[in-house]
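What follows is a short report on a single structure.
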Amino acid sequence: MITMTFLAATEGEPVGGIAGWATDLMEQMGAPGAGIAIALENLFPPLPSEIILPLAGFTASQGKMNLIAALIWTTVGAVVGALALYGIGAVIGRDRIRRLVARLPLIKIEDLDRTEAWFAKHGAKAVFFGRMIPIFRSLISIPAGVERMPLSKFLLYTTLGSAIWNTIFVMAGYGLGDQWHKVEEYVGIYSKGVIAVVAVALVAFIAFRVVKSRKDGNGGGGAHRAGPRDAERDHSAF
């Protein structure tokens, strides 16, 4: 996670880093600037929404931005960024993904088939709830594009999920005032928890596949091999 350069001592306003850049953008453009920052955050996940959104709320609390406009524009920015990633997924396409998976070790086409079946059944929920999970909130748009989820459904659930996420963080920044940066501390714990769960799941998957491939290899190696008696039987058969 990117750590912001911290605040001016008296007013709580950021003086550099990501937060300083976002502040400059909002001061120059107002609420649309917050929307642009969030659109870029979707395209470049290292730009943290847990800094940009509370900062937008703090800016609104200072009377430098309309609160409702901040909520609307940050949601618009999130949807625009998600649409760009959806388009990337659509351009990559299902066939390219399948060719790539076929070349990867430890991953089988059957895994992709199961994932596609799961996404076909639960894709709407994945997009909606995925907008509220750090890291995945951006990346979830790519498989939606690959699987060509109906655009109307994608827009609906992306907008709803983004609006909820944005409202929570903008209002937190608005309520905390010059203590808005505390939001990042709590979200940081949440983000680390998500990363830990993903890491454990990935290690477990790799371990399972390695063990299974070794068992399959041993099973293949344990196939019947021809010995001297077999050769004699084969010879007598003629």
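When Trp118, Trp165, Trp73 are compared by accessible area of protein heavy atoms, the largest-first order is Trp118, Trp73, Trp165, using a 1.4 Å probe. In this simple spin-label model, placing a label point 7 Å from the Cα along the Cα-to-Cβ direction at both Ile107 and Leu139 gives a separation of 1.0 nm.
Here segment 29-168 has 71 percent of its accessible surface on carbon and sulfur atoms, given a 1.4 Å probe and all protein chains in place.
Note on Thr115 and Ile195: with the Förster distance fixed at 22 Å, the Cβ-Cβ geometry gives a FRET efficiency of about 0.60. Using a Förster distance of 22 Å, how high is the FRET efficiency between Gln28 and Asp178, based on the Cβ-Cβ distance and rounded to 0.05? Once the sixth-power term is evaluated, E becomes 0.55.
Of all lysines in the structure, those lying under 26 Å Cα to Cα from Lys153, and not within fewer than 8 positions of it along the same chain, are Lys121, Lys125. Between Leu100 and Leu156, the contour length at 0.36 nm per residue exceeds the Cα-Cα span by 17.1 nm.
The values are calculated or read from the model by the stated rules, or taken from the named source; none is laboratory data. Quick caveat: nothing in here was measured; it's all calculated off a predicted structure. Because the Cβ atoms are built from the backbone with ideal geometry, glycine has one as well, and the counts that use them run over all protein chains shown. The area values use the complete protein model at the heavy-atom level, side chains included, leaving out ligands, DNA and RNA. Shrake-Rupley method; radii C 1.70, N 1.55, O 1.52, S 1.80 Å.
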